[in-house]
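Each remark here refers to the structure printed beneath this line.
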Amino acid sequence: MDVVTVHDLGVAGDTDENHLARAARLRRVLVTADVDFLVMAAAGQHHWGIAFGEQTTHKIGDWVNALDLLCAVYTPEEMANHIEYI
């Protein structure tokens, strides 16, 4: 699994719109607990996949296991404009 964070990119604090657009440009699945990204996707904003979960429900190990499974099941092309709920 290849992971990059907003901190790695130096863009923490940027707008949600910019984060989603950047993830699309980089052809990366955006992993989030922020429902705003689901709203943008429902409005037709192109993305290379969104993995959504609730922070209060899932521990870090749950996230890692779910993302590992996601990588095993879907190709990058299959994740385009797809939302996966963790």
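The values are calculated or read from the model by the stated rules, or taken from the named source; none is laboratory data. No experiment lies behind these values; they were computed from the predicted model shown. Neighbour counts are summed over all protein chains in view; Cβ atoms, including those assigned to glycine, are modelled from backbone coordinates with ideal geometry.
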Open item on the list: V64 - would you say it is in a loop (DSSP other than H, G, I, E, B) and either among the β-branched types (V, I, T) or modelled with pLDDT of 95 or more (or both)?
Closed with: no
Open item on the list: Six or more apart or on different chains, Cβ atoms under 9 Å: show the pairs whose first residue is in region 15-31 and touching a residue at least 40 places away in the same chain (Cβ under 8 Å) and whose second is part of a loop (DSSP other than H, G, I, E, B) and surrounded by 12 or more Cβ atoms within 10 Å (Cβ to Cβ).
Closed with: R27/W48; R27/A80; V29/H47; V29/W48; V29/G49; V29/Y74; V29/H82
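For residues that are in a loop (DSSP other than H, G, I, E, B) and either of a type in the set (D, E, K, R) or modelled with pLDDT under 95 (or both), tally how many sit in region 76-86. Step through it out loud before you land on a result.
Initially, region 76-86 is screened for residues in a loop (DSSP other than H, G, I, E, B), giving 80-82, 86.
Right, trim to either of a type in the set (D, E, K, R) or modelled with pLDDT under 95 (or both) and you get 86.
Summing the residues that are in a loop (DSSP other than H, G, I, E, B) and either of a type in the set (D, E, K, R) or modelled with pLDDT under 95 (or both) in region 76-86 gives 1.
Is region 42-50 home to any residue that is surrounded by fewer than 10 Cβ atoms within 10 Å (Cβ to Cβ) and at pLDDT below 95?
Of the residues in region 42-50, the ones surrounded by fewer than 10 Cβ atoms within 10 Å (Cβ to Cβ) are 42-44.
Then drop every residue that is not at pLDDT below 95, which leaves none.
No - not one qualifying residue is present in region 42-50.
Looking only at region 67-86, which residues are in contact (Cβ under 8 Å) with a residue 60 or more places away in the chain and of a type outside the set (D, E)?
Residues of region 67-86 that are in contact (Cβ under 8 Å) with a residue 60 or more places away in the chain, as a first pass: 67-68, 71.
If the condition is that a residue be in contact (Cβ under 8 Å) with a residue 60 or more places away in the chain and of a type outside the set (D, E), then L67, C71 are the ones that fit.
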- [ ] Among the residues of region 37-63, write down those that are under 20 Å from R22 (Cβ atoms) and among the basic types (K, R).
- [x] none
- [ ] Output the number of residues of region 49-66 satisfying the condition of being touching a residue at least 24 places away in the same chain (Cβ under 8 Å) and touching an Asp or Glu at 6+ places or on another chain (Cβ under 9 Å).
- [x] 5
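Determine whether region 1-11 contains at least one residue that is part of a helix (DSSP H, G or I) and surrounded by 10 or more Cβ atoms within 10 Å (Cβ to Cβ).
Here is the first cut: in region 1-11, the residues part of a helix (DSSP H, G or I) are 6-9.
Going one step further and asking which of them are surrounded by 10 or more Cβ atoms within 10 Å (Cβ to Cβ), we end up with 6, 9.
Yes - at least one qualifying residue is present in region 1-11.
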Open item on the list: over 14 Å from A80 (Cα atoms), without any contact (Cβ under 8 Å) to a residue 24 or more places away in the chain and in contact with a His (Cβ under 9 Å, 6 or more places away or on another chain): is that true of A43 in this structure?
Closed with: no
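Here are some residues: L69, L20. Which one is of a type outside the set (K, R), surrounded by fewer than 17 Cβ atoms within 10 Å (Cβ to Cβ) and not in a loop (DSSP other than H, G, I, E, B)?
Numbers: L20 fails: surrounded by fewer than 17 Cβ atoms within 10 Å (Cβ to Cβ).
On inspection, the qualifying residue turns out to be L69.
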